[in-house]
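Engineer: Have a look at the structure that comes next, please.
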Amino acid sequence: MKQERAMRVLVTGGAGFIGSHLVRSLVFSGFQVRVLDNLSRGSLDNIRGVLDSIEFVEGDVRDYGTVGDAVRGVDAVVHLAALTDVAESTVEPDLYFDVNVRGTYNVAKASRSVSVFVFASSSAVYGEPVKLPIPEDHPLQPKSPYAATKVAGEALVLSFSELYGYRPVVLRLFNVYGPRQSKSYTGVITEFIKRVSRGEPPVIYGWEADPGLCPRSRRC
Ligand SMILES: NC(=O)c1ccc[n+]([C@@H]2O[C@H](COP(=O)([O-])OP(=O)(O)OC[C@H]3O[C@@H](n4cnc5c(N)ncnc54)[C@H](O)[C@@H]3O)[C@@H](O)[C@H]2O)c1
């Protein structure tokens, strides 16, 4: 009887925070995993426990040749590699354009033979919400070069999916948190946890608190 072969997945940015969790999960679920990461912001320590079970390619998504080699033979791509610091993107917009837009262009274009392409976009594409909770069809109003690179990335992935026929999946991630998140990244959930663990209420902008809901009768 013919043996089903394991699905092969390329994870770009697989040595980063989200990537390292995904890579572990894929390995434990029986997928064959290849990681492409230039280790500029991630680390091999993040995937230490599964390094023997994956193929690790140290390389840059800005280099089309490297990306083409990394995509060869895979069935699906999860494209996470990116620079992710909104403030940094305002002082280094060229760098953000190169990595996040050119990099996504390279990965989306090189992936002509895959069946599924997952792209990590961001809630930053919505800018200041005009409607809460934010519906998926909320207008896109990027307020930073980082956010603009994600809008461009989404468009690139969707356009190459039309061309090649792969299934595009765009995830607009909000505040991901957990072990291995970048030390410099103080996302809102981290701030909430810090305040609540000091017995203080979380500060929620744009929301009128009901005093009855404040922990330990504090004002919030
Ligand atoms: N963490 C969040 O809350 C959040 C929210 C919204 C969107 N996202 C998106 O999810 C993805 C993963 O985010 P993360 O928090 O894990 O970030 P991260 O910085 O931990 O991981 C990004 C990885 O990409 C790699 N990388 C950077 N530039 C590269 C390049 N030129 N070539 C190859 N690899 C490169 C880094 O070395 C790192 O390992 C990113 O696309 C990010 O924009 C994250």
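The values are calculated or read from the model by the stated rules, or taken from the named source; none is laboratory data. Predicted model only: the values in this text are computed from it and were never measured. In this analysis, Cβ positions are derived from the backbone assuming ideal geometry, glycine residues included, and neighbour counts consider all displayed protein chains.
Engineer: How many residues are within 12 Å of the ligand (Cβ to nearest atom) and hydrophobic (A, V, I, L, M, F, W, C) when one looks only at the stretch 86-96?
Structural biologist: Looking only at that region, the number is 2.
Engineer: Please go through the stretch 179-193 and pick out each residue that is surrounded by fewer than 13 Cβ atoms within 10 Å (Cβ to Cβ) and at pLDDT below 90.
Structural biologist: Correct list: Lys183, Ser184, Thr186.
Engineer: Please tell me if Ser217 is surrounded by fewer than 15 Cβ atoms within 10 Å (Cβ to Cβ) and modelled with pLDDT of 95 or more.
Structural biologist: Numbers: surrounded by fewer than 15 Cβ atoms within 10 Å (Cβ to Cβ): yes; modelled with pLDDT of 95 or more: no.
Spelling it out, it is not the case that Ser217 is surrounded by fewer than 15 Cβ atoms within 10 Å (Cβ to Cβ) and modelled with pLDDT of 95 or more.
Engineer: Let me ask something additional. Show the residue pairs meeting these rules: Cβ distance below 6 Å; 6+ apart or different chains; first residue within the stretch 43-70 and more than 20 Å from Leu95 (Cα to Cα); second residue hydroxyl-bearing (Ser, Thr, Tyr).
Structural biologist: Close Cβ pairs satisfying both conditions: Asn46/Ser20; Ile47/Ser20.
Engineer: I've got another one for you. With the structure loaded, tell me whether Ala70 is of a type in the set (A, V, I, L, M, F, W, C), in contact with a helix residue (DSSP H, G or I) (Cβ under 7 Å, 6 or more places away or on another chain) and surrounded by 17 or more Cβ atoms within 10 Å (Cβ to Cβ) or whether it fails that test. Let's see the steps before the verdict.
Structural biologist: Details: of a type in the set (A, V, I, L, M, F, W, C): yes; in contact with a helix residue (DSSP H, G or I) (Cβ under 7 Å, 6 or more places away or on another chain): no; surrounded by 17 or more Cβ atoms within 10 Å (Cβ to Cβ): yes.
The answer is no for Ala70.
Engineer: Something else now. Could you list, in sequence order, all residues of the stretch 32-48 that are surrounded by fewer than 21 Cβ atoms within 10 Å (Cβ to Cβ) and either at pLDDT below 95 or not small (Gly, Ala, Ser) (or both)? Don't jump to the end; show me each part of the working.
Structural biologist: Of the residues in the stretch 32-48, the ones surrounded by fewer than 21 Cβ atoms within 10 Å (Cβ to Cβ) are 32, 38-41, 43-45, 48.
Correct list: Gln32, Asn38, Leu39, Arg41, Leu44, Asp45, Arg48.
Engineer: Residues to consider are Ser121, Ser115, Ser111; find the one that is out of contact with any Gly (no Cβ under 9 Å at 6 or more places or on another chain) and either assigned by TED's automatic domain parsing to the domain that holds Val157 or at pLDDT below 95 (or both). Write out each step before concluding.
Structural biologist: Working: Ser121 fails: out of contact with any Gly (no Cβ under 9 Å at 6 or more places or on another chain); Ser115 fails: out of contact with any Gly (no Cβ under 9 Å at 6 or more places or on another chain).
None of the other options fit; the residue is Ser111.
Engineer: Residues being surrounded by fewer than 16 Cβ atoms within 10 Å (Cβ to Cβ) and of a type outside the set (Gly, Ala, Ser): count how many of those fall in the stretch 93-114.
Structural biologist: Applying the first criterion (surrounded by fewer than 16 Cβ atoms within 10 Å (Cβ to Cβ)) to the stretch 93-114 yields 93-95, 112-113.
From what is left, the residues that are of a type outside the set (Gly, Ala, Ser) are 93-95, 112.
Within the stretch 93-114, residues that are surrounded by fewer than 16 Cβ atoms within 10 Å (Cβ to Cβ) and of a type outside the set (Gly, Ala, Ser) number 4.
Engineer: Looking at Phe31, Phe17, Phe56, Phe117, which is the one that is within 9 Å of the ligand (Cβ to nearest atom) and either in contact with a Pro (Cβ under 6 Å, 6 or more places away or on another chain) or of a type in the set (Phe, Trp, Tyr) (or both)?
Structural biologist: Values: Phe31 fails: within 9 Å of the ligand (Cβ to nearest atom); Phe56 fails: within 9 Å of the ligand (Cβ to nearest atom); Phe117 fails: within 9 Å of the ligand (Cβ to nearest atom).
Only one candidate qualifies: Phe17.
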